[in-house]
1. Filter the range 78-101 for residues that are part of a helix (DSSP H, G or I), farther than 18 Å from Met1 by Cβ and in contact (Cβ under 8 Å) with a residue 40 or more places away in the chain and give the result.
2. Inspect all residues belonging to the range 51-74 and state whether any of them is on the phi < 0 side of the Ramachandran plot, among the charged types (D, E, K, R), surrounded by 12 or more Cβ atoms within 10 Å (Cβ to Cβ) and not in a helix (DSSP H, G or I).
3. Output the number of the condition that Glu115 fails; it satisfies all remaining conditions of (1) closer than 16 Å to His45 by Cβ; (2) outside any loop (DSSP other than H, G, I, E, B).
4. How many residues are outside any helix (DSSP H, G or I) and either over 20 Å from Gly51 (Cβ atoms) or out of contact with any helix residue (DSSP H, G or I) (no Cβ under 6 Å at 6 or more places or on another chain) (or both) when one looks only at the range 102-112?
5. Say we look at the range 1-41 and pick out the residues that are of a type in the set (Val, Ile, Thr), in a helix (DSSP H, G or I) and at pLDDT 95 or above; which of these is farthest from the chain's Cα centre (by Cα)?
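The values are calculated or read from the model by the stated rules, or taken from the named source; none is laboratory data. Since this is a predicted model, take the numbers as computed values, not measurements. Every residue, glycine as well, gets a Cβ built from its backbone with ideal geometry; the counts of neighbours run over all protein chains shown.
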Amino acid sequence: MRVYVAGPLSSKEKDNRNPSTVVVDYISNVSRMCRVAGILRKAGHYPYVPGMDFLLGVVDGGFDEEDYRGAGMAFLEVCDAVFVLGMSHGVGLEVERAKELRIPVYYRLKDLVPEAR
């Protein structure tokens, strides 16, 4: 199953963000998404981690926020399921779009990987 791994990328505390906090939060959140993607992959699923799209920007350098969001939503639309690690404004938009497309949304890993804790 193709699984879109949705999760917040930035800190929830928008008022107290500084550049170093934003970077650390982003890396931490992408790491968490990748760990879950690894579990999904080992269980036979094909995960997509939208937070990894930053690597395209590292190589190309010419991406803006809409480029990243657009790529993620395009992949979401062809996925068989969405797995939500946590909520944010962006994740809310992804869940809303999944529901519009009647793509199942999961909030517990064990619903996709029964042997997961």
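1. Within the range 78-101, Gly90, Val91 meet the criteria.
2. no
3. So the condition that Glu115 fails would be (2).
4. Initially, the range 102-112 is screened for residues outside any helix (DSSP H, G or I), giving 102-108, 112.
With either over 20 Å from Gly51 (Cβ atoms) or out of contact with any helix residue (DSSP H, G or I) (no Cβ under 6 Å at 6 or more places or on another chain) (or both) added as a condition, the list becomes 102-104, 106-108, 112.
Of the residues in that region, 7 qualify.
5. Let us first name the residues in the range 1-41 that are of a type in the set (Val, Ile, Thr), namely 3, 5, 21-24, 27, 30, 36, 39.
Narrowing further to those that are in a helix (DSSP H, G or I): 21-24, 27, 30, 36, 39.
Then keep just the ones that are at pLDDT 95 or above; that gives 36, 39.
Working: Val36: 10, Ile39: 14 Å.
Only one residue fits best here, namely Ile39.
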